[in-house]
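Novice: Pasting in a structure now, in structure tokens, and then I'll have a few things to ask.
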Amino acid sequence: MDQNLFNYDDSELQSVIDYSTQLLNRKFSDIMEEYNHSLYKTYENYVEKVVSEVADKPISMKSKGQYGNYIEKYFYGYPPNSDSEADFGKIGVELKVTPFKINKNGTLSAKERLVLTILNYMEENLEDFYSTHLWKKCAKILLLFYNGLIPDQTMADYEIEKIFLYEWFEEDMPVILEDFKRITGKIRQGKAHELSESDGNYLSTCTKGTGKGKDLRQQPFSNELAKQRAWELKSSYMTYLINNKIFNQSDQESVLANFKGEKKAFTEVIADKILAYKGFSEKELYELFEVNPKAKGKNSTLIRKILGLTGDLDKTKEFQKANMNLRVIRVDENNLPKEDSPFKTYNFQELIDVEEWEESHPYLEIYNKRFLFVVFKEVAPKEFVLDNIKFWGFPDRQLDEVQRVWKETRQILMNGLQLTQNGHRISTNFPQSKINQVLFTKIHAQNTLYELKPGEFVGKGKLSDTDVLPDGRHITKHSFWIPKKFLKKVLEGKWD
């Protein structure tokens, strides 16, 4: 009787891909059943027609994190390894089993970053991307996608829903090479211990291991030990690929649309275009680009027009891949921002309900994003000129503090937010920026409205400006903010 399991040629790319299609829409329990009835337990045994004699131990279908390893072992017939070679060494193809999720609004997104391979500080080529261990192992990646967020599923129910051969899109390489240069530049400066996921736009690094000081590694240009890290493709980049290259074939406006043929990263193009108007006043720029100075969102419109875009900058290919957000900042003559900088409002109950950090509002909307700051400086009272730009993201050194503020805010809401009335002024027991100097929470509305007791309101705001507390009272919507003193340090490069 012919056997389908392991029936492929590991020296032929198309054979491996064709064989992989047998995974589509098959429950993992079906694959295990076929494996258990097979005479051969490894690809090598199948090729040599040697009946396997070693019995496998039963596996737990609750071990969801092992799904990728089990696909390698029970479907492709080779033991999971951390070798420097690609999984399919003869054809230079690495296999990655990775989850996606369906969001509440029906859109798809990557459930996590795509971890590629360990970054060995001492041995990695820090000069040439195409000579790295990363490139040697992952120049071609066979991606197997499964829905990793279906309620009440065990691993037995998992199904591969999409297969895609990723070969590093040429349009993304200028940005990826720039990311590589920034990351390896830190290592060459003896700062491997300061590496952060925010260092890269598409390509970056993440910590790898059990933590608690057990995964510290030597670095070549400093005696200080650094956390073990792995190369990764960021979750925002993977989300873009899922929605626009893999599951769907759609196109979005590009920052680089008018610069085809130039081998420049989008960050370079943006810097060149915007800083060409350095020293121009806001008034001059509004007139030059026909922007209504009284319109809401006038500065976002201005930057969009400077870059020659028809739609929002945040919705371009490049900003979607990098999970980047535009922020126009006004600073005084001493470079202190005129105001604290707000993020999107959050929902009180949702902030409590979401317990996983990487699913939380502060992670998704703040910590995991990169920002383009466009800075206008005050040169005379109420007269601002375009001064500078900066690309930035929260460094890993700030992780503990951002998480602390998130946990603290959740705890205050769970304990019951305290409202204190002093005349017409209402205050809460949320810590302010004097205490939380990196991130704090406060109202996000011009007019306030507070429900002190059921049905007893104070303030001039509208009910639509409020959100419901866990105890049922309505108060003005809140958001997290970056304090202006911390933002000044960011713009000065003190938190790079």
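Novice: Calculate one ³J(HN,Hα) per residue across region 473-486 by plugging θ = phi - 60° into the Karplus curve 6.51 cos²θ - 1.76 cosθ + 1.60, and present them in order as whole Hz with x for glycine and proline.
Specialist: For region 473-486, the Karplus-derived couplings read 6, 9, 9, 3, 4, 10, 9, 7, 9, 8, x, 5, 5, 5 Hz, x marking Gly and Pro.
Novice: Report, by chain and number, residues whose modeled amide H sits under 5 Å from the one on VAL255, excluding near sequence neighbours (fewer than 5 apart, same chain).
Specialist: Counting only residues 5 or more places away or on other chains, the set is LYS317, GLU318.
Novice: Tell me the carbon and sulfur percent of the accessible area for region 285-341, rounded to whole percent, probe radius 1.4 Å.
Specialist: Roughly 41 percent, rounded to a whole number.
Novice: Give the carbon-plus-sulfur fraction of the accessible surface of region 165-227 in %, rounded to a whole number; probe 1.4 Å, heavy atoms of protein chains only.
Specialist: The computed percentage sits at 47.
Novice: Now for a separate question. In whole Å, what is the distance between the alpha-carbon centres of region 206-279 and region 4-46?
Specialist: Result: 35 Å between the Cα centres.
Novice: Hey, another quick one. Which length gain, in nm to one decimal place, applies between LYS296 and LYS214 when the Cα-Cα distance is subtracted from 0.36 nm times their residue separation? Before the final figure, lay out the partial values.
Specialist: Values: separation 82, 0.36 × 82 = 29.52 nm, distance 5.11 nm.
Gain on extension, LYS296 to LYS214, equals 24.4 nm.
Novice: Within the accessible area of region 81-151, what % is carbon and sulfur when the probe is 1.4 Å and the other protein chains stay in place?
Specialist: Roughly 47 percent, rounded to a whole number.
Novice: Follow-up question, since we're still on this one. What order, most packed first, do the peptides 318-328, 382-392, 286-296 have when packing is the mean number of other Cβ atoms within 10 Å of each residue? Before the final figure, lay out the partial values.
Specialist: On the way: 318-328: 21.1, 382-392: 17.2, 286-296: 12.5.
Per-residue Cβ counts within 10 Å, averaged per peptide and sorted highest first, yield 318-328, 382-392, 286-296.
Novice: List, in order, the whole-Hz ³J(HN,Hα) value for each residue of region 130-145 obtained from phi through the Karplus relation with A = 6.51, B = -1.76, C = 1.60 and θ = phi - 60°; use x for Gly and Pro.
Specialist: Residue by residue, region 130-145 yields 6, 10, 7, 4, 4, 5, 4, 8, 10, 4, 10, 10, 8, 9, 10, 9 Hz.
Novice: Sort largest first and round to whole Å: the equivalent ellipsoid semi-axes of region 244-307, each the square root of five times a Cα gyration tensor eigenvalue.
Specialist: 28, 17, 8
Novice: If you place +1 on the Cβ of every Lys and Arg and -1 on the Cβ of every Asp and Glu, how big does the dipole about the Cα centre of the chain come out, in debye to the nearest 20?
Specialist: Dipole about the Cα centre, nearest 20: 2240 debye.
Novice: Name the residues whose placed amide hydrogens come within less than 5 Å of the amide hydrogen of TYR146, ignoring near sequence neighbours (fewer than 5 apart) on the same chain.
Specialist: The answer is THR98, PHE100, GLU161.
Novice: How would you rank 416-423, 185-192, highest first, on the average number of other Cβ atoms within 10 Å across their residues?
Specialist: Final packing ranking: 185-192, 416-423.
Novice: Using 32 Å as the Cα-Cα cut-off, could you pick out the over-long pairs in LYS181/LYS214; LYS283/LYS434; LYS111/LYS296?
Specialist: Check vs 32 Å cut-off fails for LYS283/LYS434; LYS111/LYS296.
Novice: Do any of LYS104/LYS489; LYS298/LYS442; LYS191/LYS484 go past 32 Å between their Cα atoms, and which?
Specialist: Over 32 Å apart, Cα to Cα: LYS104/LYS489.
Novice: Just from its helices, what would the mean residue ellipticity at 222 nm be for the chain, if runs of 4 or more DSSP H residues each count -39500 (n - 2.57) and the sum is divided by every residue, rounded to the nearest 500 deg cm²/dmol?
Specialist: When only DSSP H runs of four or more count, the value is -7000 deg cm²/dmol.
Novice: Note the per residue figure in Å³ for the convex hull of the C-alpha positions in region 297-430. Provide the component values of the computation, followed by the final result.
Specialist: Numbers: hull volume 22.4 nm³, N = 134.
Roughly 167 Å³ of hull volume per residue.
Novice: Right, next: In whole Hz and in residue order, list the ³J(HN,Hα) couplings for region 198-209 that follow from phi through the Karplus curve 6.51 cos²θ - 1.76 cosθ + 1.60, θ = phi - 60°; x for Gly and Pro.
Specialist: My calculation for region 198-209 gives 7, 5, x, 8, 10, 9, 8, 10, 9, 5, 9, x Hz in order.
Novice: Would you pull out the residues with amide H under 5 Å of VAL328's amide H, same chain only if 5 or more places away, H placed 1.01 Å from N?
Specialist: Under 5 Å from the amide H of VAL328 lie the amide H atoms of VAL374, each far enough along the sequence or on another chain.
Novice: Where q = 0.22 Å⁻¹, what log10 of I(q)/I(0) comes from the Debye formula for region 55-129, counting one point per Cα?
Specialist: Evaluating at q = 0.22 Å⁻¹ gives log10 I(q)/I(0) of -1.14.
Novice: Probe of 1.4 angstrom, ligands and nucleic acids ignored: what's the accessible area per residue over region 202-353, in square angstrom?
Specialist: In whole numbers, region 202-353 has 52 Å² accessible per residue.
Novice: Want the number for ASN248 to GLN418: 0.36 nm per residue separation, take away the alpha-carbon distance, what's left? Don't skip to the answer; put the middle values down first.
Specialist: Working: separation 170, 0.36 × 170 = 61.20 nm, distance 4.77 nm.
Full extension from ASN248 to GLN418 adds 56.4 nm.
Novice: How big is the gap, in Å, between the Cα center of region 147-187 and the Cα center of region 406-444?
Specialist: Between the Cα centres of region 147-187 and region 406-444 lies a distance of 38 Å.
Novice: Under 17 Å Cα to Cα from LYS49, which lysines show up? Leave out anything in the same chain fewer than 8 places away.
Specialist: Straight-line reach from LYS49, under 17 Å: LYS41.
Novice: Determine the relative contact order of region 1-120: mean sequence separation of Cα pairs under 8 Å and six or more apart, normalised by residue count, in whole percent.
Specialist: 21 percent
Novice: If you take the Cα atoms of region 295-367, find Rg, then find the Kirkwood Rh from the mean of 1/r over all pairs, what is Rg/Rh? If you can, show how the numbers build up before the last one.
Specialist: Details: Rg = 15.6 Å, Rh = 14.9 Å.
Rg divided by Rh gives 1.05.
Novice: Any idea what the relative contact order of the chain is, in percent, if you count C-alpha pairs under 8 Å spaced at least 6 apart?
Specialist: Working: 845 pairs, mean separation 52.4, N = 496.
About 11 percent, as a whole number.
Novice: A further question on this structure: What aspartates and glutamates could a cross-link reach from LYS344, if we take a straight Cα to Cα line under 15 Å and drop same-chain neighbours fewer than 8 places away?
Specialist: ASP314, GLU365, ASP465, ASP467
Novice: Can you work out D for the chain in µm² s⁻¹ from Stokes-Einstein, where Rh is the Kirkwood radius over C-alpha pairs, the temperature is 10 °C and the viscosity is 1.306 mPa s? Can you show the working numbers first?
Specialist: Values: Rh = 25.7 Å.
My calculation gives 62 µm²/s for D.
Novice: Under 16 Å between alpha carbons, and skipping anything fewer than 8 positions from LYS273 in its own chain: which lysines qualify?
Specialist: Output for LYS273: LYS260, LYS263, LYS264, LYS305, LYS390.
Novice: Next question, about the same structure. Could you tell me which of rounded, prolate or oblate describes region 79-211, using a ≥ b ≥ c as the square roots of the eigenvalues of the alpha-carbon gyration tensor, with rounded for a/c under 1.5 and, failing that, prolate when a/b is larger than b/c and oblate otherwise?
Specialist: prolate
The values are calculated or read from the model by the stated rules, or taken from the named source; none is laboratory data. In this text the structure is predicted, and so the values were computed from the model without any measurement. When we count neighbours, we look across all protein chains shown, and the Cβ atoms used for this are built from the backbone with ideal geometry, even at glycine. Each accessible area value is taken on the protein alone, full model and side chains, heavy atoms only, with ligands, DNA and RNA left out. Shrake-Rupley method; radii C 1.70, N 1.55, O 1.52, S 1.80 Å.
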